[in-house]
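Enquirer: My structure is below; once you've seen it, I'll send some questions.
Please treat every number below as a calculation from the coordinates, not as lab data. A quick note: this is a predicted structure, and the numbers were derived from the prediction, not measured. With ideal geometry, Cβ positions are generated from the backbone for all residues, glycine too; neighbour counts draw on all protein chains shown.
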Amino acid sequence: MAYQFDFGSILPHWKLLLDGVVLTTELAAVGAVAGVGLGILGAWARSSRIPVISQIVAVYVELIRNTPFLVQLFFIFFGLPALGVKLSEFQAAALAMVINLGAYSTEIVRAGIQAIPQGQIEAAQSLAMNRVQIFRYIVIRPALKKIWPALSSQVVIVMLGSSVCSQIAAEELTFAANYIQGMNFRAFEVYFVTTGMYLVMSIVLRQILKIFGNFLFERRHHA
Amino acid sequence: MPEFTLWDIVYNLLLAARWTVLLSLVAFVMGGFVALVLLLVRTAGNPWAMRLVRGYVELFQGTPLLMQLFILFFGLPLIGIDVSPWIAAMLGLTLFTSAFLTEIWRGCVESVNKGQWEASATLGMNFTQQMRYIILPQALRIAVAPTVGFSVQVVKGTAVTSIIGFVELTKAGTMITNATYAPFTVYGCVAVLYFVICYPLSLYARRLEGKLHNVSR
């Protein structure tokens, strides 16, 4: 007996999928903004003159980059309550994404900073700029411009990775898909459609990041 | 109720970690093989084949690994192929790995100087000979570091297969947590074990990268 595909059986549940897309977008937005922010801070701390600070950041980066996101998520959601830190599903998912992206973007931003010619920094020093001013006005913008494509790819990877947050019952897109297939038993159809939705989301996100990058870096006048 | 010592937890996690290692190895080797075929198709010059491979890569890079696993796990039975979690995990990770390696290796092949292609063509070499004797040996040297680096992603990717019920390190962690009610300790140990597998690979990749930079300078 051949299997009859029934994609129509998903239609009544469109609202659930839409809610899932909204939550996935929220997670991705929080993760991207705070994660990249954390990455810039981390890269700044990594170049600190105080060795302890730089080493702590290095350990953080290596710990996160060498363990799976799913395990980090489980540790935060199931493990941390043992220390008295209780988070909601959304908070745990968002926190895991921020910490994860923060580690990757620390490394990426650091590579951009290292690519800044030493002469630029020396020139700024000779103008009596302090470290914060040099970082703010001389280093960070060209550094970010250089690594923007790599950073964008990492943001997309983290957005796609958020699908495992369904495992702690954060009600994002994959959670919605699981829920629907539990009601209509059309697992293949539901996951097929959901996969398509993720594909569209990753293409759109990539475009948004590209436009945002152009906006950030192509303006001639100084901010 | 039996008491679980830390050693009981670690011992059982170590047993499960064998499956993580095995799955990583299989996916990496088979994925590498598929990627090599796709790479040859992609560089051979047929525009339709090129577009097809590009679409394949974009499809796998633009969707979550978890969705790819779900589609295999729930989709293959529909066309009459019964799959166990192990088969679905192996197939899914192989396809995932092949897409990323194709893209990494394509970059390496393209970074070989164009003059090398032209010179070997002038010597009357055909595509196979050019690849075999001129391009791949040079591309391989550049490819080793990012390939080792990507192997870390494969190991971490195996964690996602726990969701379709394949019992590897992460799934074992969940099962042990349900028996011991000690999520902090168990997931901490799970993370440490992944770190022990992945960190040497990361270090090795970085060392290779450093070597390559020193040679080319």
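Enquirer: Taking the 0 to 90 degree range and rounding to the nearest ten, how far is the long axis of helix B:6-43 tilted relative to the main principal axis of chain B, both from C-alpha atoms?
Expert: 20
Enquirer: May I ask you to sort A:Cys165, B:Cys189 by Cβ crowding, counting other Cβ atoms within 10 Å and putting the fewest first?
Expert: Working: A:Cys165 28, B:Cys189 20.
Going from least to most buried by this count: B:Cys189, A:Cys165.
Enquirer: Give me the Kirkwood hydrodynamic radius of the protein assembly as shown in Å, from all C-alpha pairs, to one decimal place?
Expert: Values: mean 1/r = 0.0421 Å⁻¹.
Taking the inverse mean of 1/r over all distinct Cα pairs, the protein assembly as shown comes out at 23.8 Å.
Enquirer: Projected onto the charge dipole of the protein assembly as shown (+1 at Lys/Arg Cβ, -1 at Asp/Glu Cβ, origin at the Cα centre), which of B:Ala191, B:Thr170, A:Ile180 gives the Cα projection farthest towards the positive end?
Expert: Among B:Ala191, B:Thr170, A:Ile180, the one farthest towards the positive end of the dipole of the protein assembly as shown is B:Ala191.
Enquirer: 222 nm [θ] for chain A, helices only, -39500 (n - 2.57) per DSSP H run of 4+, per residue, to 500?
Expert: Numbers: 8 runs with 154 residues, N = 223.
Value at 222 nm, helices only: -23500 deg cm²/dmol.
Enquirer: Now for a separate question. Which of these, A:Val109, A:Val59, A:Val33, has the largest mean-square fluctuation under a Gaussian network model of chain A (Cα springs below 10 Å)?
Expert: The residue that fluctuates most here is A:Val59.
Enquirer: Pick out, from A:Pro12, B:Val112, B:Ala17, the residue whose Cα sits farthest towards the positive end of the charge dipole of the protein assembly as shown, with +1 on the Cβ of Lys and Arg and -1 on the Cβ of Asp and Glu.
Expert: B:Val112
Enquirer: Sticking with this one: If you put +1 on each Lys and Arg Cβ and -1 on each Asp and Glu Cβ, how big is the dipole of chain A around its Cα centre, in Debye rounded to 20?
Expert: 1000
Enquirer: Report the charge-dipole magnitude of the range B:6-216 in Debye, nearest 20, computed about the Cα centre from +1 at each Lys and Arg Cβ and -1 at each Asp and Glu Cβ. The partial results should precede the final answer.
Expert: On the way: 13 positive and 8 negative charges, 94 e Å.
Here the range B:6-216 has a charge dipole of around 460 debye.
Enquirer: Considering only DSSP states other than H, G, I, E and B, which chymotrypsin sites (Phe, Trp or Tyr not before Pro) in the range A:121-223 qualify as loop sites with at most 11 other Cβ atoms within 10 Å?
Expert: Numbers: sites: A:Phe135, A:Tyr137, A:Phe175, A:Tyr179, A:Phe185, A:Phe188, A:Tyr191, A:Phe192, A:Tyr198, A:Phe212, A:Phe215, A:Phe217; in loops: A:Phe185.
For chymotrypsin sites (Phe, Trp or Tyr not before Pro) across the range A:121-223 that sit outside H, G, I, E and B with at most 11 neighbouring Cβ atoms in 10 Å, the list reads A:Phe185.
Enquirer: Continuing with the same structure: Would you please give the FRET efficiency between A:Tyr137 and A:Leu83, computed as 1/(1 + (r/R0)^6) with r the Cβ-Cβ distance and R0 = 45 Å, to the nearest 0.05?
Expert: Values: r = 41 Å, r/R0 = 0.90.
It comes out at approximately 0.65.
Enquirer: Oh, and also: Run lengths n ≥ 4 of DSSP H only: what is the helix-derived mean residue ellipticity at 222 nm for chain B, with -39500 (n - 2.57) per run over all residues, to the nearest 500? Numbers along the way, then the final one.
Expert: Numbers: 8 runs with 167 residues, N = 217.
After summing the helix terms and dividing by the residues of chain B, the value is -26500 deg cm²/dmol.
Enquirer: Next up: Just to be sure I understand: with springs between alpha-carbon atoms less than 10 Å apart, which residue in B:Val148, B:Val192, B:Val57 has the highest mean-square fluctuation in the Gaussian network model of chain B?
Expert: B:Val192
Enquirer: May I pose another question? When B:Thr177, B:Thr20 are ordered from fewest to most other Cβ atoms inside 10 Å of their Cβ, what list results?
Expert: Working: B:Thr177 20, B:Thr20 28.
Listed from fewest to most nearby Cβ atoms, that is B:Thr177, B:Thr20.
Enquirer: Further, regarding this structure: Sort A:Trp14, B:Trp48, B:Trp86 so the one with the fewest other Cβ atoms within 10 Å of its own Cβ comes first. Don't skip to the end; give the middle numbers.
Expert: Working: A:Trp14 11, B:Trp48 7, B:Trp86 18.
Ascending Cβ contact count within 10 Å gives the list B:Trp48, A:Trp14, B:Trp86.
Enquirer: What distance in nm lies between label points placed 7 Å from Cα along the C-beta direction at A:Val59 and A:Asp6?
Expert: So the two model labels end up 5.7 nm from each other.
Enquirer: Now, a different point. Provide the descending list of Cα extents for chain A along its principal axes, expressed in whole angstroms.
Expert: 78, 46, 28 Å, listed from the longest principal axis down.
Enquirer: Sort the following peptides by mean Cβ neighbour count (other Cβ atoms within 10 Å, averaged over residues), highest first: A:86-92, A:24-30, A:148-154.
Expert: A:24-30, A:148-154, A:86-92
Enquirer: OK, next. Kindly express, to the nearest 10 degrees and within the range 0 to 90, the angle between helix A:14-46's C-alpha long axis and the longest C-alpha principal axis of chain A.
Expert: In chain A, helix A:14-46 runs at an angle near 20 degrees to the longest axis.
Enquirer: Next question, about the same structure. Report Rg (one decimal) and Dmax (nearest whole number) for the range B:6-216, counting Cα atoms only, units Å.
Expert: Answer for the range B:6-216, Rg first and Dmax second: 20.2, 70 Å.
Enquirer: To continue, here is another question. Once you average over the residues of B:160-167, how many Cβ atoms of partner chains fall within 10 Å of each Cβ?
Expert: Per-residue shielding by partner chains comes out at 3.
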